[in-house]
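Peer 1: Please see the structure below; I have some questions.
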Amino acid sequence: MVPAQQNYAYNSKIEGDIVVSRLDAVINWIRKHSVWPMPMGLACCAIELMAVAASRFDISRFGMEVMRFSPRQADCMIVSGTVTYKMAPIVRRIYDQMAEPKWVVAMGACASTGGMYRSYAVLQGVDRIVPVDVYVSGCPPRPEALLDGLMKLQDKIGTERAMTNLLNADMHSAPKADKPAATETAQA
Amino acid sequence: MKTDYSFGDTQTRAALYEDGELAGETMTLNMGPSHPATHGVLRLELELDGDYVTKCDPVVGYLHRGDEKIAENMTYNQFVPYTDRLDYLAPLANNVTFVLAVEKLAGLDMPPRAECIRVLCCELARLSSHLLGMGVYGMDAGAWTAFMYCFTVREQIYTLIEELCGARFTTSYTRIGGMTRDLPDGWLEKVRRFTDEAAKTIDDLDKLMTRNKVFLDRTKDVAVISREDALAYGFTGANARASGIDLDLRRDKPYCGYENYDFEVPLGSVGDCYDRYLVRLEEMRQTLGIIRQCCDRMPDGAWFAEDAKKIYKPTKDKVLTSMEELIQNFMLVTEGPQMPKGEVYFEAENPKGWLGFFIHSKGGGVPYRLKIRGPSFCNLSILPKIVPGWMMSDIPIILGSLDFVLGECDR
Amino acid sequence: MTAKELCETFDYASERALSRDHEAIHVPADKLIACVTALRDEQGYDLLLDVTAIDWGMGTSPRFTGVYHLFHTKSIAYLRVSADATGDAENPVLPSLTDLYPAANWHERETYDMLGIHYEGHPDLRRILMWDGYNYYPLRKEFPLAGHETEMPEPDVVAATEGAINPTAAPMMGGPFVSPQTGNMSTREPRARDESWHETKPKGN
């Protein structure tokens, strides 16, 4: 006789020591709760980033207190501050040095779109050189806003297709030379 | 090839490198611009002989945002948010310095309440900047606790400033001719209570670092800057005072009512990194004293120059009801505060040094040329002279003791 | 000393009427070094605070005026010294004060970078705020605020990455590092475009 309501709780007498789940869910769960940020602290937003890491707005609650200045060991590059043209190749180079999987958070107005600096020396948004996952607005964004952005990043990581990416060795195939690329060319 | 590795003191070593006597081949090492110890985007091109630095060439400009060119296209009030982001650790101080420069151009005098509020803002900014400077200095030397303690106090300052002007930092609180708004009710009481807690934390910082053997070993007699060198390289502020130059614009050329306050100016004797730390620590205590005096004697009255018709916006109730004030408001917003022709140069004692604004105006509401003299720009130019001869691990200590900010250096 | 007294001491100097606050004198460019040396050694102005310049716009002559701010530490007084730049409107020249005040070194580099004024006698006159290959002088009046387009990355870098990087208006600073976008992490490492030396290849060729 089948009971009217199925009981989906984990019962160790029946299932033993085995938990069955989707591999994507497990991998994403692990990844999103230990995102190690690489602080690309350039200007004033870096001070708010330091405030997020300090004791009042503890980023350690999310597992992200490990600010790894070495890109090899980091997961998420938080671009905080104005990106100038002089600094742009360095930001790109550090992004290239990060290992997969990696994400980018554009923190603040200057990193998202150039902010209030519409001048000859400022890159109008870091998304012209790196792919950005989360934009956090504000000048500077409140620490709570940055934490909210990081939580949205966690949600985004939760929806990734981790297994497909892992099995697909050539996951970053460049667009073919004859096809126009999806990103638009940037104008000064 | 020299095999004797006992190089003696730094002066001998530095002299050896100038003569070209090295123990082996030199290695070029690039430090920065993305580096935790460089306090921002500073790049140091180092030449190393083993662990010792033989040449140091700083490369700045990674945060150059074109503020001076932007200023030629903005009215004076529109430029105030850009001044926030110069020394972004003490934005209120930059705001005050800029409007004081423009008011000097206009020949405006401020009522006593506005001056007292400005002094209070400057000193809060000074406290905030020194706290971060010394906290991060401790972190660079290896003491994480100092960083956490300082940031806790800074969060209290942020709460106060947020109640005052709406933003934690990047305040844009001043306008030409006054402030944006008056002090909120009960705010001065909170500031007074805050000074007691801040005094306890500064004492804690003192206990943690000042007689700490590791800190002393790392900073005592490191990178001595002599008085002549400091003068020659344009040093101002706490760095200059640590080298024995007894200059403080608040005391010697008072602005904004500073002559009415009672405070002492600490002076160093040796000019090493430890002296620069001690001078800043004592300055924090003196700053708390000034803040208490401001709270005690805050005068009543207007927080803006009431007779500055073409410069400060009239209050909203008049603007919405009276024709003349409406036109005034319109002209001020579109064309900016009208300034006479001429040029001024005004410097104020900011936490990092003397921040100067050189304004050349051809009349109208937009400056013709605005030059920002950032103290960190001048302080960094001495690096090629004082770093060679020291080890690479001394570099974070030297950089931290100079307490510079790249926003001010690169503008 | 007031500007009047200074003008009597230095007969080639004249008062600068535009100044609304401090004493200000104007000297010809060829007498600048002599004047500043005398100010430092005899009059006691021992701190050089600021070195800058003003561009009066295209078509004016002289086009640039250098402005210096000196400070007298004993009597707490500022002095502004200005000197018109010699040379033509595109290549102005001023003498360098680096021998007198080492503080002038970086300030003159910045004024050269922003306005294009060449300082004679400067030990190391190169750009400081913009990158080395930049072709323009941003603070000149004819330069637009939003800047001119400069190629980033350079065409050979674009060719090497097979069109994966789209050229935008900013430089790669000679682009020594090029990263192809295909393949695994180990093949996508930034590689030196100028691979003149390598662990398996000796230095030199």
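Every number here is computed from the coordinates shown, using simple stated rules; none is lab data. Everything numeric in this text was worked out from a predicted model, so none of it was measured. All Cβ positions, even for glycine, are placed from backbone atoms using ideal geometry, and neighbour counts span all protein chains on display.
Peer 1: Need one value for A:87-97: mean number of C-beta atoms belonging to other chains within 10 Å of its residues' C-beta atoms.
Peer 2: Working: counts 10, 7, 11, 8, 2, 7, 6, 3, 2, 8, 6.
The mean count of partner-chain Cβ atoms within 10 Å per residue comes to 6.
Peer 1: Set the Förster distance to 30 Å, then compute FRET efficiency between residue C:11 and residue B:246 from the Cβ-Cβ distance, nearest 0.05.
Peer 2: It comes to 0.30.
Peer 1: Moving on. Considering chain B as a Gaussian network with a 10 Å cut-off on Cα pairs, which listed residue, B:208, B:288, B:370, attains the greatest mean-square fluctuation?
Peer 2: B:208
Peer 1: Over the stretch B:132-271, what relative contact order in percent results from Cα pairs under 8 Å that are six or more residues apart? Let's see the in-between values first.
Peer 2: Working: 112 pairs, mean separation 22.5, N = 140.
That works out to 16 percent.
Peer 1: Dividing the convex hull volume of the Cα atoms of the stretch B:264-411 by its residue count, what figure in Å³ per residue is obtained? Write down the numbers at each step before the final one.
Peer 2: Details: hull volume 26.1 nm³, N = 148.
Value for the stretch B:264-411: 176 Å³ per residue.
Peer 1: Restricted to Cα positions, what overall size does the stretch C:1-145 have along the principal axes? Three whole-Å values, descending.
Peer 2: Cα extents, longest axis first: 44, 30, 25 Å.
Peer 1: Something else: Whole number please: convex hull volume per residue of the Cα set in the stretch B:58-202, in Å³? Provide the component values of the computation, followed by the final result.
Peer 2: Numbers: hull volume 17.7 nm³, N = 145.
It comes to 122 Å³ per residue, whole-number rounded.
Peer 1: Here's something else I'd like to know. Would you mind listing how long the stretch A:78-177 runs along its three principal axes, going by Cα atoms, in whole Å with the largest first?
Peer 2: 43, 36, 20
Peer 1: Separate question: Between B:152, B:195, B:97, which gets the highest mean-square fluctuation from a Gaussian network model of chain B, Cα cutoff 10 Å?
Peer 2: Most flexible of the set in this elastic network: B:152.
Peer 1: Near residue C:141, which lysines are there with a Cα under 25 Å away, not counting those fewer than 8 places off in the same chain?
Peer 2: Leaving aside lysines fewer than 8 places away in the same chain, those within reach of residue C:141 are A:86, B:69, B:341, B:362, B:371.
Peer 1: Given points 7 Å out from each Cα along the Cα-Cβ axis, report the residue B:27 to residue C:90 separation in nanometres with one decimal.
Peer 2: About 4.7 nm, to one decimal.
Peer 1: Provide the three semi-axes, in whole Å and in decreasing order, of the ellipsoid equivalent to the stretch B:256-348 as defined by the square roots of 5 times the Cα gyration tensor eigenvalues.
Peer 2: Equivalent ellipsoid semi-axes, largest first: 42, 19, 11 Å.
Peer 1: Related question: Ranked highest first by average number of other Cβ atoms within 10 Å, how do A:61-74, B:73-86 line up? List each step's numbers first, then the result.
Peer 2: Details: A:61-74: 15.5, B:73-86: 22.2.
Descending mean neighbour count gives B:73-86, A:61-74.
Peer 1: When only C-alpha pairs under 8 Å and at least 6 residues apart count, what is the relative contact order of the stretch B:294-411, in percent? Working shown, then result.
Peer 2: Working: 137 pairs, mean separation 18.9, N = 118.
That works out to 16 percent.
Peer 1: Right, next: Tell me the trypsin sites (Lys or Arg not before Pro) within the stretch B:180-235 that lie in a loop according to DSSP and have at most 10 other beta-carbon atoms within 10 Å. Please report the intermediate quantities before stating the final value.
Peer 2: Values: sites: B:181, B:190, B:192, B:193, B:200, B:207, B:211, B:213, B:218, B:220, B:227; in loops: B:181, B:211, B:220.
Answer in residue order: B:211.
Peer 1: A follow-up question, please. In nm, to one decimal, how far is the modelled label at residue B:57 from the one at residue A:72, with both set 7 Å along Cα→Cβ?
Peer 2: The answer from the label model is 2.8 nm.
Peer 1: So which GluC sites (Glu not before Pro) in the stretch C:53-153 pass both tests, a DSSP loop state and at most 12 other Cβ atoms within 10 Å of the Cβ?
Peer 2: Answer by residue number: C:90, C:142.
Peer 1: Sticking with this structure for a sec: Summarise the partner chain shielding of A:43-53 as one whole number: the mean count of Cβ atoms from other chains within 10 Å of each residue's Cβ.
Peer 2: Numbers: counts 11, 11, 2, 6, 11, 5, 0, 7, 7, 0, 3.
Mean shielding by partner chains, rounded to a whole number: 6.
Peer 1: If each DSSP helix of 4+ residues adds -39,500 (n - 2.57) and the sum is divided by the residues in the protein assembly as shown, what number results at 222 nm, nearest 500 deg cm²/dmol?
Peer 2: Working: 29 runs with 293 residues, N = 804.
Per the formula, -10500 deg cm²/dmol.
Peer 1: Among DSSP beta bridges whose residues both lie in the protein assembly as shown, state the antiparallel percentage, nearest 5. All intermediate terms of the calculation are to be shown ahead of the outcome.
Peer 2: Details: 56 of 77 bridges.
The antiparallel fraction comes to roughly 75 percent.
Peer 1: Mind ordering B:404-410, A:142-148, B:58-64 by average Cβ neighbours within 10 Å, highest first?
Peer 2: Working: B:404-410: 28.3, A:142-148: 18.3, B:58-64: 24.7.
Going from most to least packed, we get B:404-410, B:58-64, A:142-148.
Peer 1: Show which lysines lie in cross-link reach of residue A:156 when reach means a straight Cα distance below 17 angstrom and same-chain residues fewer than eight apart are skipped.
Peer 2: A:32, A:102
Peer 1: Take peptides B:248-258, B:325-335 and line them up by average Cβ neighbours within 10 Å, highest first, as a rough protection proxy. If you can, show how the numbers build up before the last one.
Peer 2: Values: B:248-258: 18.5, B:325-335: 14.7.
Peptide ranking by packing, descending: B:248-258, B:325-335.
Peer 1: Residues with beta-carbon under 13 Å from that of residue A:90, excluding residue A:90: net charge, scoring Lys, Arg +1 and Asp, Glu -1?
Peer 2: Numbers: positive: A:86, A:92, A:93, B:43; negative: A:96.
Local net charge: +3.
Peer 1: Can you work out the FRET efficiency for the pair residue B:213 and residue B:181, with r the C-beta to C-beta distance and R0 = 45 Å, to the nearest 0.05?
Peer 2: Numbers: r = 49 Å, r/R0 = 1.09.
Given R0 = 45 Å and the Cβ-Cβ separation, E is 0.35.
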